[in-house]
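**Student:** Pasting a structure here, questions to come.
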Amino acid sequence: MSVEVYQNQLRQLLCPPGEGVYTVHTGRERREALQQRLYGDNDPTTAWQQSLANLTDNTAPVLLGICSDNGGGIMRGANWGPLYVREAFYQAYPGTALFELGDVRVVPQLLLDEYVSDATLANCRAALYGDAKSNLPVSPLSISYDVAKGFYETYPQQRLVSIGGDHSCSYPMVKAYLEHKQQHNINVAVIHFDAHTDLLDRRLGIDICFGTWTYHALNMINDPAQWVQLGIRSSGKPKQHWESTLGLKQYWAEDIQQQGSEAVAEQIIKDLTARSVEELYITFDIDAIDATVVGATGTPEPNGLKPQQAIDIIERLGKAFPVTGADLMEVAPLIATQSGDKTLNIAAMLFNTLLTA
Ligand SMILES: [Mn+2]
């Protein structure tokens, strides 16, 4: 795919940053503030479309917003994560170099094109692209995959990061990343922060959603031992079950409390170095952090990591390996939380850590 073809595809599959939730009034002030920050007084749609031509010479990390909570299911609201986390991030870290690719266009009743009937595919293609016979994807995870796949083909040296969205949004991003690294014979590991394992084969018959995506992504990595989960504490089965049946590595929240973040990071570095791992993808479900400070998420859990513990681990790993892919998922800013909740501040800190690790 040529650069021009890919950039034109982005102009169809995505919308300007902040517009991924399809709405006229809700969230308008926030969206306008973001676009003012990015494009000044220029028309945001035109400015965004034109800005995509600058990708060719870009060296900054590239951000994709995925405003889909269509794969969630306990408490929704992570569709607002990309807009709110961006605002908190830009306020806390003004001047950070970041290329805004845009937001995935999200039809909130769809998840994956494989789940959609031919008639609905045609209807949504007509609605999104003005052409019922278009072959472009229409569901958020399918769009995200095509965007990421095309990105790695067109800009193999650049770094793509994303903000979601429920954790199913990581599935297409990790899939495209792992396929790209395999094609180039680069040995990678995935570092996965989460209160939950996300390791169900199916949930109510659905194979790709927030509770299952890791089980399926695990099949794509060179060796499941190069998938490391941190912060687990809410699981129907013990650690030994997951490690022995699926072969991945887990550090539960209690392991990190007992051993300390430094010792855990050193152990991971030792294991991954012995496996000749060259690069890391870090996927961060905000519910890895303790519910007393992170309440604005779909499934907050007590007894989690302190933000600084997660930051220390990421920074230490980032000194040992290049972090060439990352995402931050499950921030649901409109979920009512107790006073003292710091979800957005912490999300901004974590996102900055992922960018700079
Ligand atoms: Mn998760």
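The values are calculated or read from the model by the stated rules, or taken from the named source; none is laboratory data. Computed from a prediction, not measured in an experiment: that's the story for all the values here. All Cβ positions, glycine included, derive from the backbone under ideal geometry; neighbour counts span all protein chains shown. For accessibility, only protein heavy atoms count, side chains too; no ligands or nucleic acids. Shrake-Rupley method; radii C 1.70, N 1.55, O 1.52, S 1.80 Å.
**Student:** Give me the residue from region 175-197 that is closer than 18 Å to residue 223 by Cα and within 12 Å of the ligand (Cβ to nearest atom) and, out of that set, nearest to the chain's Cα centre (by Cα).
**Tutor:** Checking each candidate, the answer is 192.
**Student:** Here is a follow-up. Quick check: anything in region 119-132 more than 14 Å from residue 17 (Cα to Cα), buried (at least 20 other Cβ atoms within 10 Å of the Cβ) and in contact with a helix residue (DSSP H, G or I) (Cβ under 6 Å, 6 or more places away or on another chain)?
**Tutor:** No: zero hits.
**Student:** Taking residue 191, is it farther than 20 Å from residue 20 by Cα, touching a strand residue (DSSP E or B) at 6+ places or on another chain (Cβ under 7 Å) and surrounded by fewer than 20 Cβ atoms within 10 Å (Cβ to Cβ)?
**Tutor:** No; evaluated as a whole, the condition is false for this residue.
**Student:** Which of the residues belonging to region 252-280 are surrounded by 22 or more Cβ atoms within 10 Å (Cβ to Cβ) and within 16 Å of the ligand (Cβ to nearest atom)?
**Tutor:** If the condition is that a residue be surrounded by 22 or more Cβ atoms within 10 Å (Cβ to Cβ) and within 16 Å of the ligand (Cβ to nearest atom), then 253 is the only one that fits.
**Student:** Among the polar types (S, T, N, Q), touching a strand residue (DSSP E or B) at 6+ places or on another chain (Cβ under 9 Å), at pLDDT 95 or above and within 30 Å of residue 204 (Cβ to Cβ): is that true of residue 70 in this structure?
**Tutor:** Spelling it out, it is not the case that residue 70 is among the polar types (S, T, N, Q), touching a strand residue (DSSP E or B) at 6+ places or on another chain (Cβ under 9 Å), at pLDDT 95 or above and within 30 Å of residue 204 (Cβ to Cβ).
**Student:** Among (1) more than 13 Å from the ligand (Cβ to nearest atom); (2) under 20 Å from residue 281 (Cα atoms); (3) in contact with a strand residue (DSSP E or B) (Cβ under 6 Å, 6 or more places away or on another chain), there is one condition residue 140 misses while meeting the rest; what is its number?
**Tutor:** (2)
**Student:** Out of everything in region 226-252 that is aliphatic (A, V, I, L, M) and within 21 Å of the chain's Cα centre (by Cα), what residue ends up being farthest from residue 284 (Cα to Cα)? Working first, answer last.
**Tutor:** The first filter runs over region 226-252 and keeps only residues aliphatic (A, V, I, L, M), leaving 228, 230, 232, 246, 248.
This time we only want the ones that are within 21 Å of the chain's Cα centre (by Cα), so: 228, 230, 232, 248.
Working: 228: 12, 230: 9, 232: 12, 248: 17 Å.
This residue is 248.
**Student:** Let me ask another. So which pairs qualify, if the first residue must be in region 41-57 and basic (Lys, Arg), the second must be modelled with pLDDT of 95 or more, the Cβ gap must be under 8 Å, and the two must be at least 6 apart or on different chains?
**Tutor:** Close Cβ pairs satisfying both conditions: none exist.
**Student:** Also, I was wondering about something else. Here are some conditions: (1) within 29 Å of residue 142 (Cβ to Cβ); (2) of a type outside the set (D, E, K, R); (3) within 19 Å of the chain's Cα centre (by Cα). Residue 289 meets all but one. Which one does it not meet?
**Tutor:** Among (1) within 29 Å of residue 142 (Cβ to Cβ); (2) of a type outside the set (D, E, K, R); (3) within 19 Å of the chain's Cα centre (by Cα), residue 289 violates only (1).
**Student:** Something else: State all residues of region 86-106 that are among the β-branched types (Val, Ile, Thr) and open to solvent by less than 30 Å² (accessible area, probe 1.4 Å); if no residue qualifies, say none.
**Tutor:** 104, 106
**Student:** Let me ask something else. Which of (1) open to solvent by 20 Å² or more (accessible area, probe 1.4 Å); (2) under 25 Å from residue 352 (Cβ atoms) is the odd one out, the single condition residue 17 does not satisfy?
**Tutor:** Of the numbered conditions (1) open to solvent by 20 Å² or more (accessible area, probe 1.4 Å); (2) under 25 Å from residue 352 (Cβ atoms), the odd one out for residue 17 is (1).
**Student:** Restricting attention to region 281-320, report how many residues are outside any helix (DSSP H, G or I) and either within 16 Å of the ligand (Cβ to nearest atom) or more than 21 Å from residue 255 (Cβ to Cβ) (or both).
**Tutor:** 18
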